[in-house]
Amino acid sequence: MNNAQWFMMVGGLLLVMGLTYSVLNRSPVTSAIIYLTVGLLTGPSALNLFHFNPLKESALLEALTEVAVLISLFSAGVKMPTPFNFTRWRAPILLATVAMIITVALVAVFAWYVIGLPPGAAVLLGAIVAPTDPVLATDVQIRHPGDHDQLRFTLTCEAGMNDGSAFPFVMLGMGLLGLHDLGSYGLNWIVIDVLWATTGGIAIGVAAGVTLAHAGWKLRRKPHRHELLDDFLGLGLIGVVYGLCVMLNTWGFLAVFFAAFALRQTELKLAKATSNFTELHPESVSPGTLPTPMVSAGSLIFKEHLERLSEVVLVLLLGGTLFLNSWSWMAVGLSLFLFVIVRPVSVIVGLLGSHTSWRIRGMTAWFGVRGIGSLYYLMYAIQHGLPEALALQLIQLTLIVVTLSIMLHGISVKPLMRQFWRRNAQNPTA
């Protein structure tokens, strides 16, 4: 396909999706399935109009997936409905840590004993497919900042954090393959890749989000009364935070999520404090003094549009990578093992002792959507020296995992969510 044909295909698909938006909302499947179907039909699996080679184009795909994940993490952080509270955040924290470790371990054992991968590659594969995806899971995530649904909150918060918590295991797998320095007895990995990279990333993100919130709030008030470009500020926050984290060897995905979260929550605190002051001292406040716009809210709509556009492009490319012989029994077996055994076991064990209802645990155990994040980790490993033969094997396994996740979760998400809300309305304490 030449450039003109690419423009026509993507543009035509966007027109169709835009004109049939209300119809698609009522359909039983997600939009990602439609994008994937178009990609499969036009790719080498059917009409062979184009073929995207992820190995040759790994640098491009790494950049595209990196940007998509960052935008999605920002949107997820902004939509967090409440300030940090360990009781409320306990379940997603356990899912992003304990359940993550269990998932990586079980997949690594499967890949080692069943698929026959070397230990380092087995751990790397476990880390690649372990995190749930913030890009393709929009139908089970928080829809707006005021959405307090516990299931949506748990899944959104988990996806926001485990994109960062997976990175230490990616580095562990690469270290076992000789592509990263783990240090004596893994000391460098523990101190730098786990402790420093995690805490440093969170600290940088929170500090940046709080700083931007105060700066924006002050500039909008008298005597400055500046107009701000919220879209630019949101993108600028993502770029500065992520770039700083890369320079300081901390996890930028974690930082961007917590930067967006801190930005939103700080702006809400400032608005509440100003509102309380106005109620106590109405005579000291002149009309038009209180700014209602917020950087977080103003930039969210633009980020969601970018998120949808990235979903269209990346899922189309995913469909264009697959041949009919890509569907090996080993890849399908790994996918089913991950969805049917690993995800439920990791969720059940990870949430032991939490106060999460069994109905939410059951839904969480199924809706561990894999997607763009997994493609990014794979491209990251390839760009950092993964041997070609091993890269081709991991590409095939990962692409089938992501494709089957789009199919299985995309078909089941809307019916199961409707049933969950119906039962929850009838018996909210179960």
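The values are calculated or read from the model by the stated rules, or taken from the named source; none is laboratory data. It should be emphasised that the depicted structure is a prediction, and the values quoted were computed from it without experimental measurement. Cβ coordinates were reconstructed from backbone atoms using ideal geometry, including for glycine residues, and neighbour counts include every protein chain displayed.
Some points to look at:
- For segment 75-122, the set of residues classified as outside any helix (DSSP H, G or I) and closer than 22 Å to ALA255 by Cβ consists of LYS79, MET80, PRO81, THR82, PRO83, PHE84, ASN85, listed by residue number.
- Members of segment 34-52 found to be crowded, with 18+ Cβ neighbours inside 10 Å and either touching a Cys at 6+ places or on another chain (Cβ under 6 Å) or over 14 Å from THR321 (Cβ atoms) (or both), listed by number: ILE34
- Exactly one residue among TRP196, TRP189 is part of a helix (DSSP H, G or I) and either touching a Gly at 6+ places or on another chain (Cβ under 9 Å) or buried (at least 21 other Cβ atoms within 10 Å of the Cβ) (or both), and that residue is TRP189.
- Residue tally, condition touching a residue at least 40 places away in the same chain (Cβ under 8 Å), farther than 15 Å from VAL402 by Cβ and in a helix (DSSP H, G or I), over segment 352-379: 6
- Meets criteria (polar (S, T, N, Q) and more than 22 Å from ALA159 (Cα to Cα)) for THR250: no
- Matching entry among LEU155, LEU172, LEU182, LEU176 (being over 14 Å from ALA121 (Cα atoms), among the hydrophobic types (A, V, I, L, M, F, W, C), surrounded by 18 or more Cβ atoms within 10 Å (Cβ to Cβ) and in contact (Cβ under 8 Å) with a residue 12 or more places away in the chain): LEU155
- With respect to the conditions (1) buried (at least 17 other Cβ atoms within 10 Å of the Cβ); (2) farther than 30 Å from SER296 by Cα, GLY116 falls short on a single one, namely (1).
- From VAL345, VAL332, VAL413, VAL401, residue being over 14 Å from LEU125 (Cα atoms) and buried (at least 18 other Cβ atoms within 10 Å of the Cβ): VAL413
Results for (1) at pLDDT 90 or above; (2) touching a strand residue (DSSP E or B) at 6+ places or on another chain (Cβ under 7 Å); (3) part of a loop (DSSP other than H, G, I, E, B); (4) crowded, with 22+ Cβ neighbours inside 10 Å, shown as yes or no for each residue.
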| position | (1), (2), (3), (4) |
| --- | --- |
| VAL241 | yes, no, no, yes |
| PHE258 | yes, no, no, yes |
| PHE261 | yes, no, no, yes |
| GLN265 | yes, no, no, yes |
| ALA271 | no, no, no, no |
| PHE277 | no, no, no, no |
| PRO291 | no, no, yes, no |
| ALA297 | no, no, no, no |
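- Matching residues in segment 46-89 - criterion: being of a type in the set (Ser, Thr, Tyr) and more than 26 Å from TYR380 (Cα to Cα): THR82, THR87
- Inter-residue pairs, beta-carbon under 6 Å, first more than 23 Å from PHE261 (Cα to Cα) and in segment 219-235, second among the aliphatic types (A, V, I, L, M) and surrounded by 12 or more Cβ atoms within 10 Å (Cβ to Cβ), 6+ apart: HIS226/LEU219
- Flag if ILE71 is surrounded by 13 or more Cβ atoms within 10 Å (Cβ to Cβ), of a type in the set (A, V, I, L, M), assigned to a helix (DSSP H, G or I) and out of contact with any Lys or Arg (no Cβ under 6 Å at 6 or more places or on another chain): no
- If the condition is being modelled with pLDDT of 95 or more and among the charged types (D, E, K, R), then segment 315-371 contributes only ARG343.
- Any chance THR103 is within 17 Å of the chain's Cα centre (by Cα) and either more than 22 Å from ALA297 (Cβ to Cβ) or surrounded by fewer than 17 Cβ atoms within 10 Å (Cβ to Cβ) (or both): yes
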